[in-house]
1. What does the convex hull of the Cα atoms of region B:2-216 come to per residue, in Å³, rounded to a whole number?
2. Do any trypsin sites (Lys or Arg not before Pro) in region C:141-193 lie in a DSSP loop with no more than 16 other beta carbon atoms within 10 Å, and if so, which?
3. Expressed as an acute angle from 0 to 90° and rounded to the nearest 10, what is the orientation of the C-alpha long axis of helix A:66-79 relative to the principal long axis of chain A?
4. Taking the square root of 5 times each eigenvalue of the Cα gyration tensor, what semi-axes in Å does the equivalent ellipsoid of region A:121-228 have, largest first?
5. Of the listed peptides C:353-362, C:5-14, B:97-106, what is their order by residue-averaged count of other C-beta atoms within 10 Å, with the highest listed first?
6. With a point put 7 Å past each Cα toward its Cβ, work out how far A:F5 is from A:Y342 in nm, to one decimal.
7. Between A:H375 and C:R81, what is the label-to-label distance in nm when each label sits 7 Å out along the Cα-to-Cβ direction?
8. Nearest 0.05, what FRET efficiency do A:E227 and A:W39 give at R0 = 45 Å with Cβ-Cβ as r?
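What follows draws every value from the coordinates through simple rules; no lab data is involved. These figures come from a predicted structure and were not determined experimentally. Using ideal geometry, Cβ is built from the backbone for each residue, glycine included, and neighbour counts are taken over all protein chains shown.
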Amino acid sequence: MDFEFSEDQQAVLDAVREFCEEELKPKAEETDASGEFPWENLRKMAELDLFGIPVSEEYGGLGMDFLTWAAVGMEISQACTTTGAVFGAHMLAQYPLMLFGTEEQKRKYLTPLATGEKIGAFGLTEPGAGSDAGNVRTSAVLQDGYYVLNGSKIFITNAGPAEIYIVIGNLRPDRGARGMTAFIFETGYEGFTIGKNEKKMAFPSLPNRELIFQDAKTPAENVLAGEKRGFRVAMQTLDVGRIGMGIGAVGVAEAALKHALSYAKERVQFGQPISAFQAIQVKLADMATEIECARLLCLQAAWLKDTGKPFEKQAAMAKLFASEVAMRTTTQAVQVLGGYGYTKEFPVERLMREAKLFEIVEGTSEIQRLVIANHILK
Amino acid sequence: MKIVVCIKQVPATTNVRIDPETNALIREGVESQVNPFDENALEAALQVKDGYDGECQVIALTMGPPQAEAALRDAVAMGCDDAILLTDGAFRGADTLATSYTLAQAIRRIGDVDLVLCGKQAIDGDTAQVGPGVAEHLGVPQITFAIELSLEGRKITAKRMLEDSFEVVECRMPAVVTVVKQINDPRRASMKNVLKARKREITRWTAEDIDADPDRIGFQGSPTVVWKVFAPEGRKGGRKLEGEVGDVVHALADEILEIRKGLSTA
Amino acid sequence: MALNIKEELCTACGLCVRVCPYEGVVVEGNTAVFTERCNLCGQCVSSCPVDAIVVELPKKGDVDTSLWSNVWVLAETEDGRLKGGTIELLGQGRLLAEARGCALEGVVLGDRCDELAKDMIAFGADKVYVVEDPVLARYRTGPFASVIAGLIHDRKPEMVLISATPQGRDLGSRLAARIGAGLTADCTGLSIWDEEPLLLQTRPAFGGNIMASILCREARPQMSTVRPNVFKKPQADPSRTGAIERVAVHLDEKHAMTKILEVIREEGGEEVNLADAQIIVSGGRGIQAPENFALIRSLAEVLGAAVGASRATVDAGWISATHQVGQTGKTVSPKLYIACGISGAIQHLAGMSSSDYIIAINRDPSAPIFEVADLGVVGDVFQVVPALREELAKRLAE
Ligand SMILES: Cc1cc2nc3c(=O)[nH]c(=O)nc-3n(C[C@H](O)[C@H](O)[C@H](O)COP(=O)(O)OP(=O)(O)OC[C@H]3O[C@@H](n4cnc5c(N)ncnc54)[C@H](O)[C@@H]3O)c2cc1C
Ligand SMILES: Cc1cc2nc3c(=O)[nH]c(=O)nc-3n(C[C@H](O)[C@H](O)[C@H](O)COP(=O)(O)OP(=O)(O)OC[C@H]3O[C@@H](n4cnc5c(N)ncnc54)[C@H](O)[C@@H]3O)c2cc1C
């Protein structure tokens, strides 16, 4: 067993770390507070080829693997959680194309996503289909060479700025998962509009919008993976998506730990830095240990995926564990900073609010536990 | 057009310390990087290349241990066409005189070089002496501390950043120019180029390859010796004033005027 | 050191004759030859189109160090006056000369130098070499290095001290490479070593994280560039007497290597001479907006101080780069440094922590700047700075 990154991976990670430290991190507070999509960061990331890490070179990618993608994602998320979230959601549009796209679809849609020329989004959730993802009601009918969709999606990350959407519709809304079908939509398609942005507990700069389909038309060739295979597309996409959420959560947790560490070394009470108190040390040690476990689980899931082994269980574990670690770590970080931690002067309260997202999105913790239980009870 | 950029691999100096017991330099665990000013020199060279019609070759050159190859790979990833590592046990212990002689010999060997770019200074040795030294050994003009640089035919025009003013100067190529941080924002290498650079062959030259006089390189060719290194006397935070602005300002003014009184030309 | 002419290459073109400042080379028959007057300044070497002139720099152990004596200070001038750093060098040079029992000599180059030479004597020089020529009106590497290299070979000083200003660093390194001397950069300590009669030169390196003591055992002269504002300025004594020796040179603008097209002072004629300033008032990100540099400026004005800035403010475009203090900006050591709204990143500290006295004003009590400040004010820059300005203005008017 080998826990070493290859030299290529290390070279990429070193460069990414430097980029994150110098470009993303110093502006992280500003990026969060602005309420604006982090275009500038994304443009720079595109120049560095960071959007298509596991995509093959013929489609404009870097031709590396998901392990590298995961490790890079952690760096990005740690430096700027908002940018990390965009990075993670982008993969949700890319991955189904990698997996199921025809040659033509890959050239037309995967390539601009891999080069970062365009941002992608993935629309599954509906008002009535959250955890119950098989209950998609957005209807789809084939008419005159076009699929015509009616319905809406909610909470969709990157919606608005994104130009390429993978949308799960249903050819037989009455038959649930069995009629579900995946389609590719582009911004500006007839009948396809973007609805209101959610006001959230955190991540004000991350768009989460409605997708509205009113006789919305996408060309027949934009069906992805064939008719009635949409549930499978969604589930397989979420398998990788879970690793993505896991790495986002690890990033948030690591950022919180860093703040807690530096604060604990500086803050003096009772004549000594609070890091000298065992009660604080215990917290810091637990945080570090849990983060390390979460990190390794995420990397392991990615590695299993890269080596063609079943990775679904590990992906669910990684997402579950990492998101709960993020929640615990950020809560403890606020505790370590005491009253200052509760103020907006320090970013830990923000990280705490951000962490909560990861326990909900792309399958709640409850659902992850169901998935894991299904695997181990098989 | 042929441009040589001299780059030095340096430790991230903020982490270099002195062991208080042995007074030895602790460099372990400290990451190496390309000297920041040299990244500006690289960028300046690459900008010349980008804007040049006609063939323009940019070569990164470093003298250092075999590990310094990593710095050259960074330079290639940024866009340099070629990279040369001067590495030889005999180069060890070089002060700025020996370093600049060695670099100059390599530049002669490269041949037909029009422009040599250096950083203003290296953040470890901090001397700012190597650039002018190279210019002298090559017998060409030097323009130090450039904050702007433009080429026109064989003419170089540069704006130099001095203490309280700028000076616009002109000279003919070949020449050596050293650049300050403010001249540009160095580009970052894309990951594709990082990966490509990893596979690149890096030329290695020894003292013999550059026909170096053994008496002028390394320790042997260095008139200065670092006799000892020690930790600087650490400053300690002093008094803190807190409280009513009026009181604080009063106390501050006392302090400032007291110091001001002691100045020779207040 | 020696200069040799490879007769087989020499075409007797005479270019070296024209560039030589000292009439040290002539053409005889079909080759150039050096005359007695050649003082090895080296100017001809790079002028030779066929590389027929080769330098042989001294090897370790070749130099008879007993032939070299006296301490030299190379003058740096501005607007017809000695710069502060030069005056400090004369003070420290005096101490070194006394410790070595030798003379302190000054060298001043320019177009009009009489007053400057007298000033050098008033500040402690026993003798001053004056080289006047229109080509030397403003500092340029080529002519200055050649003239001084020749003088050094002629007179053989044991030590040469130069200010570690941009000019001094530009000149010092070219000169040292020309004559094969050792040069220690940016010294903050100079003394005679207690084990051997050598110049012990102490300097910060690694961004100020370490100090190094450097010796130059075998080569001569021992050369240093010296950080301004570290050593005390001596009092001028106009009654002091000393010799002034004029050195004749032949310089031609054509061979100056570089041409100065323009000198640009800071916009608005504002003085930013950070290196020379005895008091610096600096602003950092904490001042929040570019227009708030007006606060910093007005405080600086009352005190007759220079205005400094942290990298963050320069990067943000709030103020020009000439004001930047820190590892990638300027290294300063004023008597008093007032940091307003500067958090004190290690890179900033590297540029100012050798200041004599540091006052920091910052809202954040845990800002690292307080770890180096002699006096810290935990408070709002927007309250403290204007009030301080008023208070100082009031008291200075009294
Ligand atoms: C910021 C944000 C970004 C998002 N981005 C996207 C996106 O890009 N694309 C997209 O398609 N969706 C996205 N979503 C939607 C997200 O995936 C869903 O919110 C999530 O899957 C949960 O669905 P729900 O909100 O309908 O909750 P519900 O399913 O209504 O769940 C409510 C509660 O009931 C529990 N629960 C439900 N079913 C069970 C069960 N069987 N057993 C036990 N407990 C159960 C849940 O765990 C939860 O605690 C995003 C959501 C947010 C908040
Ligand atoms: C603590 C300490 C103090 C020292 N003090 C002195 C001293 O006072 N005088 C002295 O002569 N030597 C000194 N040295 C030795 C000096 O550091 C080395 O000679 C070094 O190789 C070059 O000097 P520098 O780092 O100051 O570079 P600088 O002269 O500051 O570098 C300027 C530029 O020259 C180029 N350059 C420098 N080194 C290389 C290289 N190896 N390869 C390619 N390009 C390069 C780069 O473009 C760089 O930006 C000291 C060394 C130490 C460890």
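1. On the way: hull volume 28.7 nm³, N = 215.
Taking the convex hull of the Cα positions in region B:2-216, it is 133 Å³ per residue.
2. Nothing satisfies the criteria.
3. 60
4. Numbers: eigenvalues 100, 52, 22 Å².
Whole-Å semi-axes of the equivalent ellipsoid: 22, 16, 10.
5. B:97-106, C:353-362, C:5-14
6. Between A:F5 and A:Y342, the label points sit 3.9 nm apart.
7. 7.8
8. 0.80
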